[in-house]
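Asks: Could you have a look at this structure, given as structure tokens, before my questions?
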Amino acid sequence: MPARPTIARRAVISAGAALLAVFALAAPAWAHVTVASDDDSRGADDAILTFRVPNEEDNAVTVKVDIKFPAKNPIASVKPSPKPGWAITTKTVKFNPPIKTDDGTITEGVGEVIYTASSPANGIPIGGFEAFQVLVGPLPDAAEVAFPTVQTYSNGKVVSWIEPVTDPANPPENPTPILELAAASDAGSGDATAAPAPSPSASATAASVDLSGYATTSKANTGLYLGLAALVVGALGLAAGGIALARSRRPSS
């Protein structure tokens, strides 16, 4: 019965090719610079932004990360957290238009935060990543906020994460880190009478899960999740093909 082994081999080859294609698609999504917040509500006074920066080079470490804050929807207060082994500098910009608050009008503030490794040994290692945190507030009243980021390697290579994301399912090669914000009512900070309070048991269950710093992910992560889902499907297909091949080689009774 020569047809059975041939069909089984074709199944294995097809599944293997699909799996390799999935790896090729999923790898770029995994390497994106992303931003997350522990509070994704518009107007949040004290939110901690976490920028996750991977190292993509095979022969160099990341020695500089330059994060630009929005000019269209500026953030009045920007306070980067100290990071051992890294020097932190900021650049001040004029807000246009100025930010009006109950305490007065704010005309200028931090528009750029620059992290520089004190030595290559303190940089982001090959195959690794680092998290950079910034305390900000208030967050703007906008659907999303972009944070163009420039990454510099010890070999002189510069990667600019500044490309706009128009289709989250198919992000560009170097997408801008984007933080999506929820309206006050959607984030649970609206009228207290809008919804009944959760029961004590439900509150205890929610409090047991620590999602600090990961409440909101960038749009680029959508491609990552799709890639991982496809990876699982490809692996299952490869396994099925292997089983079919093994069965085809069993001697008939």
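The values are calculated or read from the model by the stated rules, or taken from the named source; none is laboratory data. Everything numeric in this text was worked out from a predicted model, so none of it was measured. Positions of Cβ are backbone-derived with ideal geometry, glycine not excepted, and every protein chain shown enters the neighbour counts. Side chains included, ligands, DNA and RNA excluded: accessible areas come from the protein's heavy atoms. Shrake-Rupley method; radii C 1.70, N 1.55, O 1.52, S 1.80 Å.
Asks: Any idea which of (1) over 21 Å from the mean Cα position of the chain (by Cα); (2) more than 19 Å from Val33 (Cβ to Cβ); (3) modelled with pLDDT of 95 or more is the one Lys79 doesn't satisfy?
Replies: Every listed condition holds for Lys79 apart from (1).
Asks: Any idea which of (1) surrounded by 15 or more Cβ atoms within 10 Å (Cβ to Cβ); (2) touching a residue at least 12 places away in the same chain (Cβ under 8 Å); (3) more than 17 Å from Thr34 (Cα to Cα) is the one Lys91 doesn't satisfy?
Replies: Just one mismatch for Lys91, condition (1).
Asks: Further, regarding this structure: Looking at the range 23-30, can you tell me whether even one residue there is at pLDDT 95 or above and out of contact with any Gly (no Cβ under 6 Å at 6 or more places or on another chain)? Let's see the steps before the verdict.
Replies: Going residue by residue through the range 23-30, those that are at pLDDT 95 or above are none.
No, the range 23-30 has no match at all.
Asks: Continuing with the same structure: Got at least one residue in the range 64-80 being hydrophobic (A, V, I, L, M, F, W, C) and open to solvent by 30 Å² or more (accessible area, probe 1.4 Å)?
Replies: Yes; the residues of the range 64-80 include at least one that is hydrophobic (A, V, I, L, M, F, W, C) and open to solvent by 30 Å² or more (accessible area, probe 1.4 Å).
Asks: Residue under question is Gly85, and the condition is that it be modelled with pLDDT under 90 and open to solvent by less than 50 Å² (accessible area, probe 1.4 Å); does it hold?
Replies: Details: modelled with pLDDT under 90: no; open to solvent by less than 50 Å² (accessible area, probe 1.4 Å): yes.
Taking the combined requirement at face value, the residue does not satisfy it.
Asks: Go through the range 46-63 and give me each residue that's charged (D, E, K, R) and either assigned to a strand (DSSP E or B) or open to solvent by less than 60 Å² (accessible area, probe 1.4 Å) (or both).
Replies: Residues of the range 46-63 charged (D, E, K, R): 46, 52, 56-58.
Those that are charged (D, E, K, R) and either assigned to a strand (DSSP E or B) or open to solvent by less than 60 Å² (accessible area, probe 1.4 Å) (or both): Arg52, Glu57.
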